[in-house]
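No value in this document is a laboratory result; all are computed from the given coordinates. These figures come from a predicted structure and were not determined experimentally. As a convention, Cβ positions derive from the backbone with ideal geometry for all residues, glycine included, and neighbour counts pool all protein chains shown.
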Amino acid sequence: MEKSIERGNEKVEAFSELERGVYAALETYSNVHRGSGHNSMVTTHLFEQAREIVLDYLGLDKGKYSVIFCTPRRAEVLKAQLEPESYQIVSSQDIGLSLGLRALVVKRKALPKGIPFQTGGGTASLVSPDWVIWADAPDKFEAGTPAIVNVIAFARALQLIRQSENDIFLDPVTEKLTAGEILYHDELENYHGRELLHEFRKTRIGHGMLVPTVDGERPHINLDNGASTPTFTPVWNAVCQTWRQPRKVQQEIIQEVRSVCAEVLGAPLSAYDVIFTSNTTEAINLAAESLGREPTQGIEPVILGTLLEHSSNDLPWRLVPGFSLIRLSVDAEGFVDLKELNTVLCAYNKKGQYGKKRIKLVTVTGASNVLGAYNNLGEISRIVHQYGASLMVDAAQVIAHRKVGMEADGIDYLAFSAHKIYAPFGCGVLVVKKGLLAFSPAEMEVIRLSGEENAGGIAALGKALVLLQRIGMDLIREEERDLTGLALRGLGQIAGLRIYGVKDTDSPGFVQKGGVITFSLKGIQPNRVARELAERGGIGVRYGCHCAHILIKHMLGVSPLLARFQGIIVTLFPKLRLPGLVRVSLGIGNSKEDIDNLIYILDQIAGKTGALPDRNSVSTHQGTPILPKEKVQKRINDFVRAAVLRVYSKG
């Protein structure tokens, strides 16, 4: 009896230590690899160190093996392309955690060549309308934003298992809760509307985190919400509670979150299937895989996309067997031209001007991750269905900011990610009209089980959606519109700064403009602008092509010849990042003060208040002491190392 109690206490302590480490990771959470600033650096280090921890756990040489983090279904597909002796696998399910992860450890020489089995954001180094340069492993096989926080949790759990026993996370001793208690009850349940928004913001994990800058420590400002969002204490609590529940309760949570999604999206479960995946990219790949199985019935099927699309809503459609892909242009503010949409569909599907070619699917972003333009989905749907096609919507940039009505707007397929909705725990969703997916019952069961293994991530999504609905999507839209207007007016006053898309709050397009603003500064490379924002203001933004290479090239006027030359350069120098543009993206946690700080620092960078000082020596700028460049970089590197240690060492 005493031994059983002692073992139970050890399990409780193991979960507590795991949760402490993950909480520390959430304090500086950002997306990996393609961001700028302190948080992106920390999260990238944590994510990449997780690969080393897996290799240490298995006792393998990191010079000979690559670690690829997959969903269960992705792991099985990749394993089928490998020789049995060329890989090993570690499962989060086998160690007792509902993370929905497999760490596939593959001999580097055995990795498959050519096109990856799932495509999208992160799998490509460079994209043009008719060719792709694929990324190197492991990125090539980790389509879309990985389950970053789950991967970090998995790695920390493996460390704790090595220090204890293999069953330390199996059958945890815990208080049994119901799905309703986890999803609908929390410390904020008596608040609603603006009051809830005010209280909710106070619970943002990492709120007020101080980071080193040129003039001392400053609170970090996250203006990279379009890449991934931070989370809040009630959402995190739902994850921790779900991790500790028996599988029966987890299944109840999953079913309840399915109902929450259906209600929030206006997609009744009697008419739509709600399928959990790992991210938007996996959801779109599922839809594309299904489309490729449908009979062509004597036509040459065509998919119609747009220039706006993220790689995750472009690359999968290129690879659908037997289909071709064409794209609509967009106007100067980033909106789909509805007249052109009508003209193209009429030419293909009614007049038969292209022989047997018929547009079977139109796929469009609900909101551009580069220009923040929200397309008129209801009108797009009306036109699409008038000509007998189906409509797919990439809603990754929509769900956290605007109301969606799938049935009302006639949307056939819709995909989004929880990590864009303040629930960054590896969950995505595909919502599709019943009867459209061409998978057998057995295949659907594999797909379902793969996504639903991540019960903690699904609970986080449900909790976040419940809280956003209690705040009110109209209020969120109003708040973000005010901040967007403030930012546009301020940025418009900075000498040499060019805004792309909607620039003016008096423009009719501003009504359909979200909190994403992309810009360039004359004479200063985007990577330097982003670095200066981090070093001077502790501000995290994103720069580059934002996984929307075709749109960025269109906006910058890159010719096909220059694009091909860029391809040669990237092939020769794989680590090279093409310039692109700087992007600011707002979220529910941002404030007027964040915008004021952004404008102030950009004003300095642009040189309106004097040329940028030489930070290789100590100086002052407008009375503010400026640290040497090397000292600033050292302090930031020290900050990153300390943050990583807080996660992967005992508290």
FRET efficiency, K109 to V446 (Cβ-Cβ, R0 45 Å, nearest 0.05): 0.95
Share, in percent, of DSSP beta bridges within region 187-338 that are antiparallel, nearest 5: 55 percent
Order of W131, W236, W317 under a 10 Å beta carbon neighbour criterion, fewest first: W131, W236, W317
Restraint check, K522/K631; K79/K140; K403/K463; K140/K403, Cα-Cα greater than 22 Å: K522/K631; K140/K403
Environment charge of I299, counting only residues whose C-beta is closer than 15 Å and scoring Lys/Arg +1, Asp/Glu -1: +4
Cβ-derived FRET efficiency at R0 30 Å, E181 paired with L269, nearest 0.05: 0.85
Computed label-point distance, nm, for sites E13 and H198 using a 7 Å Cα→Cβ extension: 4.4 nm
Gain on full stretching of the segment that runs from Q353 to E189 - 0.36 nm per residue minus C-alpha separation: 53.2 nm
Amide hydrogen neighbours beyond the local backbone of L101, cut-off 5 Å, H modeled: S92, Q93
Ranked S368, S278, S381, criterion: other C-beta atoms within 10 Å, fewest first: S381, S368, S278
Radius 9 Å from Cβ of N237, net charge of other residues (Lys, Arg +1; Asp, Glu -1): -1
The chain, relative contact order [Cα under 8 Å, separation at least 6], %: 20 percent
Pairwise label distance in nanometres, H385 with L436, each label 7 Å out on the Cα-Cβ vector: 1.1 nm
Cβ-derived FRET efficiency at R0 22 Å, D337 paired with V511, nearest 0.05: 0.80
Percent of beta bridges antiparallel (DSSP, the chain, rounded to nearest 5): 70 percent
Burial ordering of T365, T281, fewest other beta-carbon atoms within 10 Å first: T365, T281
Computed over region 407-509: relative contact order in percent, which uses C-alpha pairs under 8 Å that are six or more apart: 21 percent
Helical contribution to [θ] at 222 nm, DSSP H n ≥ 4, -39,500 (n - 2.57), averaged over the chain, rounded to 500: -13000 deg cm²/dmol
In Hz, Karplus ³J(HN,Hα) per residue of region 412-420 (6.51, -1.76, 1.60; θ = phi - 60°; x = Gly, Pro): 8, 10, 8, 10, 7, 10, 5, 6, 8
Label point distance in nm, I133-D94, each placed 7 Å from Cα along Cα→Cβ: 3.8 nm
Answer label for Cα Rg over 2.2 N^0.38 Å (calculated), chosen among [x] 1.11; [y] 0.94; [z] 1.03: [y]
Hz values of 3J(HN,Hα) by residue in region 245-261 - Karplus curve (6.51, -1.76, 1.60), Gly and Pro given as x: 8, x, 4, 4, 5, 4, 5, 5, 4, 4, 5, 5, 5, 4, 5, 4, 4
